[in-house]
Amino acid sequence: MNKIATLLVVAFMTFNSAVIAQLDTSNGRYYNEVFTTVTTNLNVVFGSYINFGLQTNLTMDIYQPAGDMAIARPLIVWAHGGSFQFGDKNEADIVALCQTFAKRGYVCASINYRTGFFPVDSVNATRAVLKATQDMKAAVRFFRKDAATANTYKIHPDYVYVGGSSAGAFMALHLAYMDKPSEFPLGATTLASLDGLEGASGNPGYPSNASAVINLCGALGDAAYLEAGDIPFVSMHGTADATVPYAHAIIVSLGYSVMYVDGSASIHTRANAVGVYNPFYIFNGADHVPYLNNAAYLDTTIKFVRDFLHPLVAAAPLTVKKQDVASKINIYPNPAASGFMLQVEEVLSPNSSYALFDLSGRILQQSSISEKNTLIMRNSLSSGIYFLKIYTAEGEPSIQKVVFE
């Protein structure tokens with residue numbers, strides 16, 4: 001993944017996050033169903049595309065906790081399955097996920113996207129995955145645009161997650177990890193003809209990046225897209241999946257052998273090798289999307305995803321707080337290999353200190369800051385994303401995102 005794009009999450013548009021830097025996780029929010037009902041805005045237009053010469057709208061349903069007074073909430077953009085040939089935002093598994101996470105305090109969106117391709121072959125399937133992923137990016141941009149303008153949905157732009165089931169999980173994974181033009185299998189000319197990785201589905205000028213991915217029975221075109229410093233993801237997959245391979249195998253769509261992909265087991269292995277946090281739940285002996293119309297599997301899915309997301313929303317914010325000392329701080333190199341230098345313009349107030357912690361909020365190192373230059377060594381830490389929190393008496397603590405390659 002493009003590390004510069006990943007690190008932009010830290011500094012992305014101070015319009016809301018400069019004032020609201022951390023989510024309110026009190027009273028069980030984002031873990032328990034603290035709301036009893038959900039309000040749904042149906043068929044909200046978030047973009048469009050040209051279909052046989054006609055402009056066609058892209059729509060989504062937006063789920064929010066009824067009566068919620070929070071002024072900044074995390075967002076999950078969900079996408080349904082259907083082999084990129086069919087399906088709808090009303091699919092039962094996605095609706096259930098939207099409802100239960102909205103009851104926990106999230107804003108959830110179930111999106112429709114471009115589907116259908118023929119003939120069924122690797123070229124057209126690759127094009128279909130790209131188009132659908134572009135549409136998911138347009139949906140993410142829609143919410144960031146709203147947060148910067150009308151703020152209708154009161155999402156926190158630094159806490160945006162993408163996920164889906166089957167084909168929807170493909171989209172979320174490719175949104176996060178296929179972010180270099182060189183990774184697109186059909187080459188630069190074809191990519192340009194398809195409006196590039198970002199696409200032209202709507203809401204240009206706003207970031208489409210996410211902070212984490214929810215992969216339910218999905219796959220990547222190539223596990224090598226995953227690199228050190230990439231955002232975390234969670235995976236759930238059945239070992240007997242006959243639709244989307246559990247590991248590296250050929251995918252079959254509508255009876256046609258299409259192309260080889262890397263399923264959840266393969267991307268789990270790759271992520272572990274490069275130090276990307278990625279909890280993996282295995283449905284032993286289960287076929288494709290076992291949580292669909294199965295209450296026990298669905299409950300397991302909800303709880304596993306909940307337990308993955310909760311530390312991310314409960315951890316320190318990804319942005320700098322108002323009236324902090326961020327302007328006095330420089331961290332380099334970042335990403336770093338063996339360690340990085342914490343440099344301050346002047347010695348901070350007495351009792352200033354720092355703490356380095358991981359995505360789960362666990363403190364790994366901490367020490368006082370008594371010099372203008374403090375070397376923070378990697379020691380035995382794995383490759384991946386960490387957060388450096390600087391405490392002073394001059395204002396709110398400052399949070400900086402750091403990456404060890």
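Gain on full extension, evaluated as 0.36 nm per residue between Leu54 and Ala249 minus their Cα-Cα distance, stands at 66.4 nm.
Label reach from Tyr260 (point 7 Å along Cα→C-beta): in the range 220-238, amide nitrogens under 18 Å belong to 220-226. Fraction of C-alpha pairs exceeding 18 angstrom in the range 24-164: 56 percent, rounded to a whole number. The accessible-area ordering, largest first, of the residues Tyr281, Tyr256 stands as Tyr256, Tyr281, per a 1.4 angstrom probe. The simple spin-label model puts a point 7 Å past each Cα toward its Cβ; for Gln365 and Asn294 those points are separated by 4.5 nm. Farthest toward the positive end of the dipole of the chain, out of Tyr354, Ile282, Gln99, is the Cα of Tyr354, where the dipole comes from beta carbon charges about the Cα centre. The mean sequence separation of alpha-carbon pairs under 8 Å and at least six residues apart, normalised by the residue count of the chain, gives a relative contact order of 15 percent. Over the range 105-159, Cα pairs under 8 Å with separation of 6+ residues give a relative contact order of 28 percent.
When the surface is traced with a 1.4 Å probe over the full set of protein chains, Ser382 keeps roughly 70 Å² accessible.
The alpha carbons of the range 45-96 give a radius of gyration and a Dmax of 14.5, 44 Å, in that order. Using heavy atoms of the protein chains and a probe of 1.4 Å, the accessible area assigned to Tyr277 is about 110 Å².
Cα extents for the range 177-239 along the principal axes, largest to smallest and rounded to whole angstrom: 37, 26, 23. Please work out the C-alpha center-to-center distance from the range 170-211 to the range 101-120 and express it in whole Å. Using only Cα atoms, the two centres lie 17 Å from each other. Quick one: of the DSSP bridges fully inside the chain, what percent are antiparallel, nearest 5? Around 65 percent of the beta bridges assigned by DSSP in the chain are antiparallel ones.
Ranked by solvent-accessible area (1.4 Å probe, protein heavy atoms only, all chains present), the residues Lys137, Lys145 order from largest to smallest as Lys145, Lys137. Note: relative contact order over the range 182-273, using C-alpha pairs below 8 Å and six or more positions apart, is 25 percent.
Each of Ile250, Ile385 has its accessible area taken with a 1.4 Å probe; listed largest first, they run Ile250, Ile385. Translational diffusion of the chain was estimated from the Stokes-Einstein equation, with Rh taken as the Kirkwood radius over Cα pairs; at 25 °C and 0.890 mPa s the coefficient is 113 µm²/s. Counted over all Cα-Cα pairs of the range 223-267, pairs farther apart than 11 Å make up 69 percent. Rg over Rh for the range 187-329 works out to 1.04, using Cα positions for both radii and the Kirkwood form for Rh. Element breakdown for the range 38-98 at a 1.4 angstrom probe: carbon and sulfur atoms account for 55% of the accessible area.
Volume of the convex hull of the range 145-263 (Cα atoms only), normalised per residue: 133 Å³.
The values are calculated or read from the model by the stated rules, or taken from the named source; none is laboratory data. For clarity, every value in this text was computed on a predicted model and none was experimentally measured. Using ideal geometry, Cβ is built from the backbone for each residue, glycine included, and neighbour counts are taken over all protein chains shown. These area figures cover heavy atoms from the full protein model, side chains too; ligands, DNA and RNA do not enter into them. Shrake-Rupley method; radii C 1.70, N 1.55, O 1.52, S 1.80 Å.
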